[in-house]
Amino acid sequence: MTLLEARDLAIGYGRTRIAGGLNLSVMAGSVTCLLGPNGVGKTTLFKTLLGLIPPLSGTVEIDGSDLSQLDRQTIARQIAYVPQAQIAEFPYTVIDLVVMGRTAHLGTFGGPRRADHEAAMAALDKLGIASLAERDSTQISGGQRQLVLIARALAQRTRIVVMDEPTASLDLGNRILVLDTIRGLAGSGLAVVLSTHEPEHAFVVADRVAILGRDHFATGPVEAVMTSQELSQLYGVALNVEQTPSGRLVVGPA
Amino acid sequence: MRTATILLLLAVLLFAVSVIASGIGPYRIPPLDVLKAVLRRVADGSDSSAIDTVLFNIRLPRVAAAACVGAALAAAGAAFQSLFRNPLVSPDILGVSTGAGLGAVIGILLGLPVVMIQALGFGGGLLTVVVVAALARSLRGSGDVLVLVLAGIVVGALAGAGISLVKVLADPYDQLPAITFWLLGSLAGVKANDVAATAPVVLLGLAPLILLRWRIGILSLGDDEARALGVEVSRLRTIVITAATLVTASVVAISGVIGWVGLMVPHMARLLVGPRFDRLLPAAILLGAAFMVGVDTLARSAARIEIPLGVLTAVIGGPVFVWLLARNRRKLLP
């Protein structure tokens with residue numbers, strides 16, 4: 001089932017057009033990985049998919065409804081955003097930050113209730129960081145903070161999760177943990193879209209790949225899109241996709 | 001549960017400070033007699049003794065005014081800090097206080113009655129925010145927070161220049177002392193009907209802040225994250241700025257310009273209940289009210305003359321704020 005669909009999308013800010021002609025469809029229970037060099041507009045595309053900035057042309061549909069016709073609360077019940085981890089201005093505890101993910105399910109004048117705290121704790125538990133609950137979120141490591149933001153998206157109980165470079169600031173152990181988590185989310189029926197600078201993560205975690213280059217956009221199954229030729233063109237250096245004896249696909253200089 | 005206990009203790013503190021403050025002055029009234037007098041008044045409305053005259057005509061209106069001022073400035077400060085994602089802003093940031101000050105000193109210069117001075121102060125504060133918002137909008141369509149702050153600083157500086165001009169033009173023997181005293185903040189001239197006129201406006205402004213407190217806290221995560229979490233950011237921001245300006249301008253109109261409270265009290269409240277805005281706001285309101293009642297009592301009873309409130313809040317607020325920051329760097333500053 002297609003949960004998120006972009007049709008002939010042009011993205012940018014105001015009069016600055018960053019990319020156009022984007023078509024993307026994300027299915028429930030799948031992981032879509034967005035690859036592209038720095039500054040090409042991956043974050044802009046994500047913000048457009050989330051309805052944070054309007055598309056210059058074209059449409060984004062969530063579960064068949066045009067995003068531009070929905071209010072923020074309705075959108076936030078369908079699609080969650082995991083931004084790149086940054087330190088909050090106020091020293092919220094981890095559980096406070098995760099409970100904020102429940103906002104879309106609260107009444108206009110309401111605050112979180114016991115059930116919302118339980119949903120937040122369940123999300124922390126699922127990522128194995130329940131022990132961090134009462135810690136100060138500005139005093140934990142970058143990797144832990146990233147996991148906390150993913151927990152917040154889980155607490156939001158949406159069907160689509162968009163993650164902006166969720167593995168960027170993580171060490172190897174946490175990176176594997178996050179990628180496993182992402183696979184697990186797709187396994188439980190969520191549609192996950194993430195951006196990454198590591199093409200190999202796409203081989204590990206993704207069902208489909210979207211690549212966003214300077215004047216080029218392509219999407220499809222991982223093996224079909226992530227060829228040596230396509231990646232070389234995307235990053236502007238000669239790259240080679242090889243298979244290790246164990247069967248893992250790796251990307252290196254040609 | 002812990003937060004509820006702290007809020008209850010703060011409410012008790014406010015009550016105790018108010019009762020004790022009502023008894024302090026040239027005519028001393030023991031706290032118990034204050035309570036008895038109030039209960040008697042509530043019970044049968046009789047008004048006979050000297051205690052009643054002092055209490056209901058002079059002390060209680062002033063205590064109530066101080067509580068209003070403290071609650072309003074602390075709430076506005078806490079709201080602006082969350083809105084601008086900056087723990088170091090206060091109601092002054094949008095030029096509200098200075099704009100209200102300009103309106104009021106023009107009223108004094110023109111020799112208008114007190115009510116008109118207050119109305120001009122209130123109008124000056126609101127007008128400043130409208131100009132600031134319009135300026136920010138014309139510079140950057142979507143209402144960027146930084147542009148808003150810069151516009152606030154510019155318009156505030158203009159209003160400050162206007163105040164200086166009025167001071168030069170004012171009669172140095174009659175008007176200038178009144179202007180100076182007003183700019184330093186004072187509740188010396190507050191009457192019962194001033195409080196009756198101001199309190200409903202303050203409550204009207206505090207109501208949306210209290211009702212929307214959970215969502216206002218979400219604003220501190222930044223526009224994109226708040227919107228992704230389901231908050232209509234621009235609408236909420238308009239409501240918060242309007243409400244916080246309303247309460248600030250309405251209390252500046254009766255008390256003059258009082259600095260530091262809007263900055264310091266939210267920090268003290270944050271130490272008690274943590275940074276979450278839904279817990280912070282009620283704590284800041286109660287603590288701000290209690291703080292202001294205490295400081296105003298000091299202002300009218302510590303020395304032979306009235307000490308201007310702005311002087312006291314700066315003398316207390318500055319060092320306390322530095323001490324808070326030094327002692328609690330990890331809790332207050334990320």
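Nothing in this text is a laboratory measurement; each read-out follows from the coordinates by a stated rule. What you see is a predicted model, and the numbers here were worked out from it, not measured in a lab. Glycine also receives a Cβ, built like all others from the backbone with ideal geometry; neighbour counts cover every protein chain displayed.
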Practice problem: Arrange the peptides B:159-171, A:202-214 so that the one whose residues have, on average, the most other Cβ atoms within 10 Å appears first. | Solution: A:202-214, B:159-171
Self-check item: Residues whose placed amide H lies under 5 Å from that of A:L4, excluding near-sequence neighbours
Solution: A:V26, A:D63
Self-check item: Helix-only CD estimate at 222 nm, as mean residue ellipticity for chain A, using -39500 (n - 2.57) per DSSP H run (n ≥ 4)
Solution: -9500 deg cm²/dmol
Quiz item: Rounded to the nearest 500, what is chain B's calculated 222 nm mean residue ellipticity when only DSSP H runs of at least 4 contribute -39500 (n - 2.57) each, over all residues?
Solution: -25500 deg cm²/dmol
Self-check item: Per-residue ³J(HN,Hα) for segment B:104-110, Karplus 6.51 cos²θ - 1.76 cosθ + 1.60, θ = phi - 60°, Hz, x for Gly and Pro
Solution: 5, 5, 4, x, 5, 4, 7
Quiz item: Sorting B:I24, A:I150, B:I218 on the 10 Å Cβ count, fewest up front, what's the list?
Solution: B:I24, B:I218, A:I150
Quiz prompt | GNM top mover of B:A71, B:A243, B:A157 - chain B, alpha-carbon springs below 10 Å | solution = B:A157
Exercise. Report the full-extension gain for the segment B:L271 to B:Y173: residue separation times 0.36 nm, less the Cα-Cα distance, to one decimal in nm.
Key: 30.7 nm
Practice problem: Rounding to the nearest 20 debye, state how big the charge dipole of chain A is about its Cα centre with +1 on each Lys and Arg Cβ and -1 on each Asp and Glu Cβ. | Solution: 400 debye
Quiz item: Non-local amide H neighbours of A:M163 (under 5 Å, H modeled in plane, Pro and chain starts lacking H): which ones?
Solution: A:V82, A:V193, A:L194, A:S195
Self-check item: Most positive-pole-ward Cα, B:L212, B:L150, B:S186, against dipole of segment B:65-332 from beta carbon charges
Solution: B:L212
Quiz item: Roughly speaking, what is the stretch gain from A:L249 to A:Q84, that is 0.36 nm per residue apart minus the C-alpha to C-alpha distance, in nm to one decimal?
Solution: 56.8 nm
Self-check item: Check: segment B:1-105 dipole with +1 on Lys, Arg Cβ and -1 on Asp, Glu Cβ, in debye
Solution: 200 debye
Exercise. Please list the radius of gyration and Dmax for the protein assembly as shown, considering alpha-carbon atoms only, with Å as the unit.
Key: 28.7, 101
Quiz item: Under a GNM of chain A (C-alpha, springs under 10 Å), which listed residue has the highest mean-square fluctuation: A:G236, A:G142, A:G29?
Solution: A:G236
Exercise. Please state, rounded to one decimal and in Å, the Kirkwood hydrodynamic radius that segment A:2-253 gives when every pair of distinct Cα atoms enters the mean of 1/r.
Key: 18.8 Å
Quiz item: Which order do B:M268, A:M226, B:M292, B:M116 fall in if you start with the one that has the fewest other Cβ atoms within 10 Å?
Solution: B:M116, B:M268, A:M226, B:M292
Self-check item: Spin-label pair A:R17/A:S131, simplified geometry with 7 Å Cα→Cβ offset, distance in nm
Solution: 5.4 nm
Quiz item: lysines near B:K167 by alpha-carbon distance under 30 Å, same-chain residues fewer than 8 away left out - which ones?
Solution: B:K191
Quiz item: Taking the Cα atoms of segment B:65-332, what is the range of coordinates along each of the three principal axes, in descending order and whole Å?
Solution: 58, 42, 34
Self-check item: Farthest toward positive dipole pole in segment A:2-253 [+1 Lys/Arg, -1 Asp/Glu at C-beta], among A:L24, A:H105, A:A206
Solution: A:H105
Quiz prompt | Within straight-line cross-link reach of B:K36, aspartates and glutamates at Cα separation under 19 Å, skipping those fewer than 8 residues along the same chain | solution = B:D44, B:D47, B:D52
Quiz item: In terms of the ratio Rg/(2.2 N^0.38 Å) built on C-alpha atoms, what value belongs to segment B:1-56?
Solution: 1.38
Practice problem: Just grab the label-to-label distance for B:L9 and B:R28, each label 7 Å out from Cα along the Cβ direction, in nm (one decimal). | Solution: 3.0 nm
